[in-house]
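Every number in this text was worked out from the coordinates using simple rules, so none of it is lab data. What you are looking at is a predicted structure, and each value in this text was computed from that prediction instead of being measured. Because the Cβ atoms are built from the backbone with ideal geometry, glycine has one as well, and the counts that use them run over all protein chains shown.
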Amino acid sequence: MSLFRKLFGSKTDHSEEEIKSNERSKYMPEVKLPVDERFTINFKRNGGKFLYCEDLNEIFDALENIIHENQWMNKQVMVIDNNLKDTFKNFEVKMTTSAQDSEFFLTTCENLIADDGSLLISSNQIAEKKLGEFPDHFVVFATTSQIVESISEGLRGIKSKNKRQIPTNITTIKHFKATSSEEDFMTYGSHSKDLYLLLLEDL
């Protein structure tokens, strides 16, 4: 059974395994969480908004709720990916390839990184633009099979999938909320985005 089904489909008390884990000696090696659970925890810690969906209809419902919640009906949305334009063509938004006057950016990503809860993207998603050139709001459509352990694993995957021409402009998005003044030095040069993740179960 998928971890996400266990997380979101069950409202029971802590399992016997969880209780046993909590009783482990402090001298025992730390139990490493499954890759999908680590991503979820770290992504939320970064300030991301996470919507797990079991099928495409749930994805459509989630996007519709996001649009209505933010009052983006009949507003412009930036979409570069032609496949996404086709998949989400029936929504109450005006699709454009320009960031100017767009309320949010609808995109995919290369991978979801479990180690730090970041999203790995490349020129396949953002062309040769810098993150600062995009709207402040991102809605990212991804699948559970895109979750990997680390950035290095994601980079290897990009290389193997694109043997003819490796995409350029590879970067990560990690900050999904405004940073405090204490964090400004550590996050210098990064761009915080208000980010929704529509995660489709495909495993």
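Points to keep in mind about this one:
- Looking only at the range 37-63, and only at residues there that are of a type in the set (D, E, K, R) and surrounded by 15 or more Cβ atoms within 10 Å (Cβ to Cβ), the one that is nearest to residue 199 (Cα to Cα): 54
- Every residue from the range 168-177 that is at negative phi, in a loop (DSSP other than H, G, I, E, B) and polar (S, T, N, Q): 168
- Qualifying residues in the range 72-97 (those that are among the aliphatic types (A, V, I, L, M) and more than 18 Å from the chain's Cα centre (by Cα)) - the one farthest from residue 142 (Cα to Cα): 73
- First in the range 31-48 and in a loop (DSSP other than H, G, I, E, B), second anywhere and surrounded by 19 or more Cβ atoms within 10 Å (Cβ to Cβ) and of a type in the set (Gly, Ala, Ser), Cβ under 6 Å, 6 or more apart: 46/117
- Residues in the range 151-164 that are surrounded by 15 or more Cβ atoms within 10 Å (Cβ to Cβ) and of a type outside the set (Asp, Glu): 151, 154, 155, 157, 158.
- Some residue of the range 111-133 being farther than 28 Å from residue 61 by Cα and in contact with a strand residue (DSSP E or B) (Cβ under 6 Å, 6 or more places away or on another chain): no
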